[in-house]
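Beneath this line is the structure, given in structure tokens, with notes to follow.
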Amino acid sequence: MKIKVIHGPNLNLLGTREPEKYGAKTLAQINTELENLAQELGISTIEFFQSNIEGEIVDEIQKAGREKFDAILINPAAYGHTSIAIRDAFLGVSIPFVEVHLSNIYKREEFRKRTYLSDIAEGVITGFQSESYMFGLRALKTLVDSKR
Ligand code: DQA
């Protein structure tokens with residue numbers, strides 16, 4: 001089973017970026033925890049990608065399609081609220097994905113309440129800080145197993 005994890009813009013700042021909203025863990029710590037959980041769940045390949053550039057995220061989704069990844073775990077960050085290009089990339093590769101957010105986007109500003117991904121995602125997990133990613137990985141594992 002091959003899982004790709006994609007982190008959107010500004011998530012490279014985790015640890016120091018608004019910790020009251022996003023928690024105190026760095027992106028490297030979250031990736032290590034995901035790697036450990038993947039091992040525990042028997043996921044053979046988990047790869048990580050972060051970019052602040054929309055087109056690079058589109059490229060990475062297309063690459064995951066070519067390389068036959070089974071599923072994608074994505075925190076699109078602000079691009080979730082703005083990017084039709086990222087939505088179209090997912091529609092183009094048809095890889096199942098789960099959308100995660102550290103903060104609860106429904107408890108925040110109006111403009112964060114809609115994302116261009118949530119209606120085409122397998123599911124959305126929002127508001128559990130770094131645990132959102134862990135729940136998301138567990139969900140993807142169950143999903144991929146159920147499709148086999
Ligand atoms: C976020 C929520 C987004 O609204 C915001 O732009 C982010 C992070 C989250 O994980 O809570 O950058 O995706």
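The values are calculated or read from the model by the stated rules, or taken from the named source; none is laboratory data. Here the structure is a predicted model, which means the values were calculated and not measured. Don't worry about glycine lacking a Cβ; one is built from the backbone with ideal geometry, like all the others, and counts go over all protein chains shown. Surface areas here come from the heavy atoms of the whole protein model, side chains and all, with no ligands, DNA or RNA. Shrake-Rupley method; radii C 1.70, N 1.55, O 1.52, S 1.80 Å.
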Once both label points are put 7 Å beyond Cα along the C-beta direction, the I53-E33 separation in nm becomes 3.0 nm
What spacing in nm lies between the two simple spin-label points modelled at E109 and K63, each 7 Å away from Cα in the Cβ direction? 3.1 nm
Once the whole set of protein chains is in place, how much accessible area is left on T32, using a 1.4 Å probe, in Å² to the nearest 10? 70 Å²
Where E122, E33 fall by accessible area, highest first, once all protein chains stay in place (1.4 Å): E122, E33
If R0 = 22 Å, then D119 and L143, at their Cβ-Cβ distance, give a FRET efficiency to the nearest 0.05 of 0.85
Testing the spin-label approximation: label points 7 Å from Cα along Cα→Cβ at I84 and N10. State their distance in nm. 2.4 nm
Expected 222 nm ellipticity per residue - DSSP helices of 4 or more, -39500 (n - 2.57), all of the chain, to 500: -12500 deg cm²/dmol
If amide hydrogens are placed 1.01 Å from N in the peptide plane, which non-local residues have theirs closer than 5 Å to the one on G123? E99
Can you give me the % of accessible surface on the chain that is carbon or sulfur? Probe 1.4 Å, all protein chains present, nothing else counted. 50 percent
Pairs beyond 20 Å (Cα-Cα), from K68/K113; K2/K141; K4/K141: K68/K113
